[in-house]
1. From the residues in region 72-116 that are among the basic types (Lys, Arg) and closer than 27 Å to residue 6 by Cα, which one is most open to solvent (accessible area, probe 1.4 Å)?
2. From the list 179, 105, 125, which one is in contact (Cβ under 8 Å) with a residue 12 or more places away in the chain and touching a Gly at 6+ places or on another chain (Cβ under 7 Å)?
3. Applying the selection to region 57-69, what residues are surrounded by 18 or more Cβ atoms within 10 Å (Cβ to Cβ) and either closer than 16 Å to residue 170 by Cβ or of a type in the set (Gly, Ala, Ser) (or both)?
4. Hey, does region 28-35 have a residue that's within 20 Å of residue 163 (Cα to Cα), in the same structural domain as residue 147 (by TED's automatic domain parsing) and touching a strand residue (DSSP E or B) at 6+ places or on another chain (Cβ under 9 Å)?
5. Within region 119-154, count every residue that is under 17 Å from residue 8 (Cβ atoms) and more than 12 Å from the ligand (Cβ to nearest atom).
6. Restricting to region 117-139, what's the tally of residues that are open to solvent by 30 Å² or more (accessible area, probe 1.4 Å), touching a helix residue (DSSP H, G or I) at 6+ places or on another chain (Cβ under 7 Å) and either closer than 23 Å to residue 60 by Cα or polar (S, T, N, Q) (or both)?
7. Could you list all residues from region 31-56 that are without any contact (Cβ under 8 Å) to a residue 24 or more places away in the chain and surrounded by fewer than 18 Cβ atoms within 10 Å (Cβ to Cβ)?
8. If we scan region 83-91, do we find a residue that is under 17 Å from the mean Cα position of the chain (by Cα), within 16 Å of the ligand (Cβ to nearest atom) and outside any loop (DSSP other than H, G, I, E, B)?
Amino acid sequence: MSHDAFVPSYIVIHTAAYSGRNCDAAKIDQWHKARGWDGIGYHFVILNDRHDNKKDGTLESGRSLSQRGAHTLGLNNRSIGICCVGHGDKEKFTNAQLLTLLDLVHRLMTDYSIPLNSVIGHREVNDLISRNKLAAQYKTSKTCPGRLIDMDFIRSFIKTNDKKQAQQLNQTNDEKDNVSEALRVLASNATLFGNAQDELHQFLNHPEVIERLH
Ligand SMILES: [Zn+2]
């Protein structure tokens, strides 16, 4: 045999790190081909609520599960890659995405006998390195699956499989999104504040605020 069989022992969760519309497996396949790769590097893609004709939480297949993926340096020969569409530094997974993810991860853990502590976010390869489970050369500076994605929260709900509570907590934890929304409203009404307009513009043009407005 010229290839070792692909036997996954980890599940790695990613963000597409893309805020645009209509992101799906086909689009990611195009991106990865444009990078000179052998097509989509993830095994699964979970869509969000910004697709014109596919539902929030739709599960799509990427690379075949019989093949190693191309998504996490150092772990591609022993992990399943799941990409959640959207930008994890700017938004949480939608509730529908979260539910699809919980179902999918449950199924894969059973099918491949993968323990919960081997379900990780991409950035957590650094924890594997510190536990001597991965070579130091694979250390990453990525935030993937994103600053707003709490992997302990996700693992806790994979464990309990309490989907109702997972959705409730996912929603009530959204202050950061609320701030973004408030800033957007403020920015769109800036002209209402005649005398304060200069100060308001200065505030709205601060790099930190601009970042939140995107
Ligand atoms: Zn990633």
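The values are calculated or read from the model by the stated rules, or taken from the named source; none is laboratory data. The shown structure was predicted, so the numbers you read here are calculated from the model rather than taken from an experiment. Here the Cβ positions follow ideal geometry from the backbone for every residue, glycine too, while neighbour counts run over all protein chains shown. The accessibility values were calculated without ligands, DNA or RNA, using every heavy atom of the protein model including side chains. Shrake-Rupley method; radii C 1.70, N 1.55, O 1.52, S 1.80 Å.
1. Only one residue fits best here, namely 107.
2. Of the residues listed, the single one that is in contact (Cβ under 8 Å) with a residue 12 or more places away in the chain and touching a Gly at 6+ places or on another chain (Cβ under 7 Å) is 125.
3. Residues satisfying the conditions are 57, 62, 69.
4. There is no residue in region 28-35 that is within 20 Å of residue 163 (Cα to Cα), in the same structural domain as residue 147 (by TED's automatic domain parsing) and touching a strand residue (DSSP E or B) at 6+ places or on another chain (Cβ under 9 Å).
5. Count: 5.
6. Within region 117-139, residues that are open to solvent by 30 Å² or more (accessible area, probe 1.4 Å), touching a helix residue (DSSP H, G or I) at 6+ places or on another chain (Cβ under 7 Å) and either closer than 23 Å to residue 60 by Cα or polar (S, T, N, Q) (or both) number 0.
7. Of region 31-56, the ones without any contact (Cβ under 8 Å) to a residue 24 or more places away in the chain are 31, 33-36, 40, 53.
Scanning region 31-56 gives 31, 33, 34, 35, 36, 53.
8. yes
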